[in-house]
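Notes follow the structure.
The values are calculated or read from the model by the stated rules, or taken from the named source; none is laboratory data. Computed from a predicted structure; not experimentally measured. Cβ: placed from backbone, ideal geometry, glycine included. Neighbour counts: every protein chain shown. For the accessible areas, the whole protein counts, side chains as well, though only heavy atoms, and no ligand, DNA or RNA atoms are used. Shrake-Rupley method; radii C 1.70, N 1.55, O 1.52, S 1.80 Å.
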Amino acid sequence: MTCFWNRGLTGLAIVTAFGLTAAGAVQAQQQSAAPKVSVSEAVIKPIKDTATFIGRGEAIDKADIMARVNGYLEEVLVKDGAEVKKGDILFRIERSAYEAVLESRRAELAQAEANLELASLDLVRKQELFERGSVPEADRDTARANELVAEAQVRAAAAAIQQAELDLSYTEVHAPFSGRIGRVEVSSGDVVSPSGSPLVNIVREAPVYVAFSLNEKQFVEILQELEAEGIDRGNTEAAPEVFVVLPNGAELEEKGRIAFAGNRVDPTTGAVTVRAEFKNDERLILDGAFLTVGLQSQEAVDRIVISQAAIQRDQQGPFVLVVDDQNQVQQRYIVTGEVQGTGIIVLDGLAKGETVVVEGLQKIRPGVEVDPVMAAQAGE
């Protein structure tokens, strides 16, 4: 009995040991299997370089509409926020007083013309009498002077009529250009004057300027780029395109062109003022609105683009995990540029064709071997 029991124990031990050994082998095999990761290739894409700035909408024309004569406001012919055309009548001021002044000035002109005719006849008579020796030379000279005075009075009366006609025309207040009216600040029955407050303001909405500033380095780089491409800096049609992002975050489909660049650097900011002109057909760029402004180069440049999912960061900056030809993982610090859809530009640190890990980053570390599976390329 004892011998049989001992043999049983020995067999059990052997079976147990074999089972443990097999389990360990499976576990070791599982541990040695390279983890699967998704990788994406660094590709070359033609990209138009862009740079963004903070800008502000500026109306090409805007004005406060003032009364140019004193008077009682008879009619307000425009409503708050209305669109008007150049020459439209906005307000009417009482005309009767200015019509009376005009009639008085016309009467003064008629009197002056009559005095001139009388002075001219007197001069003719005095000249004839002087030639006969009937009057002294002094009388003839006095008559000539009186004629000159009468001529001056006629000119003064004519000028007074012009001023009276001008004042009468100012009783109708017209829109100086096409645009949108703001809030009307007066009502019928008010007494207005040139020294008073504005009646209303008007802003031309289209086209419109967007003003922004470039530092000296950026400004010089743009000039050098234009020179390298053989573009005259005064040719606005060939200048870099400008795009804007509206306050709600939407990018305006319409593109603008640089219309003006300052000729000096502001010593307080170290920046050069630049203005871009937009047609603004949809009236989405408002005077005074803050916008994100972007400059886009004319020619596309080949850039390396990878998926944004591959980017990780630590205290030293952004980096990616690169899979080499032996499927070994390497850590690579990079310099990133602008985002391009689901991808991002890499300015330095990667070469065309290198593969970077985009999924499974938490399972690996630099130096381990992986089983890479190609994922979709950035931007696809």
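Between ASP314, ASP287, ASP281, the distinction of being modelled with pLDDT of 90 or more, acidic (Asp, Glu) and under 12 Å from the mean Cα position of the chain (by Cα) belongs to ASP287 only.
Taking region 161-211 and the strands (runs of 3 or more DSSP E) fully enclosed by it, the elements with 3 or more residues that are in contact (Cβ under 8 Å) with a residue 12 or more places away in the chain and among the aliphatic types (A, V, I, L, M) are at 200-203. Quick check on my filter: what residues within region 188-228 are within 30 Å of MET66 (Cβ to Cβ) and under 20 Å from the mean Cα position of the chain (by Cα)? The answer is ILE202, VAL203, ARG204, GLU205, ALA206, PRO207, VAL208, TYR209, VAL210, ALA211.
If the condition is being part of a strand (DSSP E or B) and in contact with a Phe, Trp or Tyr (Cβ under 9 Å, 6 or more places away or on another chain), then region 85-98 contributes only ILE93.
Residue-by-condition table, conditions (1) touching a residue at least 60 places away in the same chain (Cβ under 8 Å); (2) among the hydrophobic types (A, V, I, L, M, F, W, C):
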{"position": "PRO267", "(1), (2)": "no, no"}
{"position": "LYS279", "(1), (2)": "yes, no"}
{"position": "LEU291", "(1), (2)": "yes, yes"}
{"position": "VAL305", "(1), (2)": "yes, yes"}
{"position": "ALA310", "(1), (2)": "yes, yes"}
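Taking every residue in region 331-352 that is free of Cβ contacts under 8 Å to residues at least 24 places away in the same chain and open to solvent by less than 20 Å² (accessible area, probe 1.4 Å) and pairing it with any residue that is in a strand (DSSP E or B) and of a type in the set (Val, Ile, Thr), at least 6 positions away or on another chain, the pairs with Cβ-Cβ distances below 8 Å are ILE334/VAL320; ILE334/VAL346. Residue count for region 157-171 satisfying the condition of being open to solvent by 60 Å² or more (accessible area, probe 1.4 Å) and either of a type in the set (A, V, I, L, M) or at pLDDT below 95 (or both): 1.
Being in a helix (DSSP H, G or I), free of Cβ contacts under 8 Å to residues at least 40 places away in the same chain and either under 30 Å from SER187 (Cα atoms) or not hydroxyl-bearing (Ser, Thr, Tyr) (or both): is that true of ARG140 here? Answer is yes for this residue. Scanning region 261-280 for residues that are surrounded by 11 or more Cβ atoms within 10 Å (Cβ to Cβ) and in a loop (DSSP other than H, G, I, E, B) turns up GLY262, VAL265, GLY270, LYS279, ASN280.
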